[in-house]
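**Q** Quick one: this structure, given as structure tokens, is what I'll be asking you about.
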Amino acid sequence: MLISETVLCPYCGEENEIEVDPSGGRQQAYTEDCQVCCRPWNVRVKIDGDGDAWIRVSSQDDVDGDGV
């Protein structure tokens, strides 16, 4: 079962719906493009024991990953 979340693009500020596959592990990191401006983000995911996800997106320039 995929986990859906709405996030804001760190470049254009538009809302994007992303889906995370929990079978990818409790901690995930990958790159995904904005559905509006097509710029790439860093996506970091943490899934807790209850299946709730913490999702953070940041710009490719944000080396600390603290973005939006």
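The values are calculated or read from the model by the stated rules, or taken from the named source; none is laboratory data. All values reported here derive from a predicted model rather than from experimental measurement. All Cβ positions, glycine included, derive from the backbone under ideal geometry; neighbour counts span all protein chains shown. With ligands, DNA and RNA removed, areas are computed over all heavy atoms of the protein, side chains included. Shrake-Rupley method; radii C 1.70, N 1.55, O 1.52, S 1.80 Å.
**Q** Restricting the search to the range 41-55, which residues are among the charged types (D, E, K, R) and open to solvent by 70 Å² or more (accessible area, probe 1.4 Å)?
**A** The answer is 44, 46, 50, 52.
**Q** Identify the residue in the range 1-40 that is touching a Phe, Trp or Tyr at 6+ places or on another chain (Cβ under 8 Å) and without any contact (Cβ under 8 Å) to a residue 40 or more places away in the chain and, among all such residues, is least open to solvent (accessible area, probe 1.4 Å).
**A** Looking at the filtered set, the residue picked out is 34.
**Q** So residue 55 ticks every box in (1) in contact (Cβ under 8 Å) with a residue 40 or more places away in the chain; (2) not acidic (Asp, Glu); (3) not in a strand (DSSP E or B) but one. Which box is left unticked?
**A** Checking residue 55 against (1) in contact (Cβ under 8 Å) with a residue 40 or more places away in the chain; (2) not acidic (Asp, Glu); (3) not in a strand (DSSP E or B), the one that fails is (3).
**Q** What's the number of the only condition in (1) modelled with pLDDT of 95 or more; (2) touching a strand residue (DSSP E or B) at 6+ places or on another chain (Cβ under 7 Å) that residue 53 fails to meet?
**A** (1)
**Q** Can I ask one more? Against the conditions (1) within 11 Å of the chain's Cα centre (by Cα); (2) of a type in the set (S, T, N, Q); (3) assigned to a loop (DSSP other than H, G, I, E, B), where does residue 31 fall short? Just the number, please.
**A** With (1) within 11 Å of the chain's Cα centre (by Cα); (2) of a type in the set (S, T, N, Q); (3) assigned to a loop (DSSP other than H, G, I, E, B) applied to residue 31, the lone miss is (3).
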